[in-house]
Amino acid sequence: KKLARDSNSFLLGQIPLVQSIREGGDNGMPAVLQEDSIVSAAFLEVAKNTLRQVAVRNEMIAPTQIVKMG
């Protein structure tokens, strides 16, 4: 939160530091699909906020131009 505030950036979300995220990764079960609703909700919030910020960026900033070399 502090880093986002200090850099005048949008906080996309916060992922809890819980063992089930690592264990799920080890077992091939993405955290977003785990039954722990707190973990799943945190990842879904980050994804939703990322999509929202990409849409805002696309509306406010011109598309990136292709740079031709040589």
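The values are calculated or read from the model by the stated rules, or taken from the named source; none is laboratory data. Predicted model only: the values in this text are computed from it and were never measured. Backbone-built Cβ (ideal geometry, glycine too); neighbour counts: all protein chains shown. What goes into the accessible areas is simple: the full protein's heavy atoms, side chains included, and nothing from ligands, DNA or RNA. Shrake-Rupley method; radii C 1.70, N 1.55, O 1.52, S 1.80 Å.
Probe radius 1.4 Å, ligands and nucleic acids ignored: give me the carbon and sulfur share of the accessible area of the chain as a rounded percent.
In the chain, the share of accessible area belonging to carbon and sulfur is 61 percent.
Please give the calculated 222 nm ellipticity per residue for the chain, where each DSSP H segment of at least 4 residues contributes -39500 (n - 2.57) and the sum is spread over every residue; nearest 500 deg cm²/dmol?
Dividing the helical sum by the residues of the chain leaves -16500 deg cm²/dmol.
Among [x] 21, 13, 10; [y] 31, 17, 12; [z] 24, 14, 9, which is the computed semi-axes √(5λ) of the Cα gyration tensor in Å?
[y]
Taking the Cα centre as origin and putting +1 on Lys and Arg beta-carbons and -1 on Asp and Glu beta-carbons, what dipole magnitude results for the chain, to the nearest 20 debye?
The dipole magnitude comes to about 460 debye.
Take peptides 40-51, 18-29 and line them up by average Cβ neighbours within 10 Å, highest first, as a rough protection proxy.
The most tightly packed comes first, giving 40-51, 18-29.
Can you give the accessible area per residue of the chain, in Å², using a 1.4 Å probe?
Heavy-atom accessible area per residue stands at 86 Å².
With labels modelled as points extended 7 Å from the Cα through the Cβ direction, what inter-label distance (nm, one decimal) is found for ARG52 paired with SER20?
2.4 nm
Of THR64, ILE15, LEU44, which is farthest on the positive side of the dipole of the chain, counting Cα position, with +1 on Lys and Arg Cβ, -1 on Asp and Glu Cβ, and the Cα centre as origin?
Farthest towards the positive pole: THR64.
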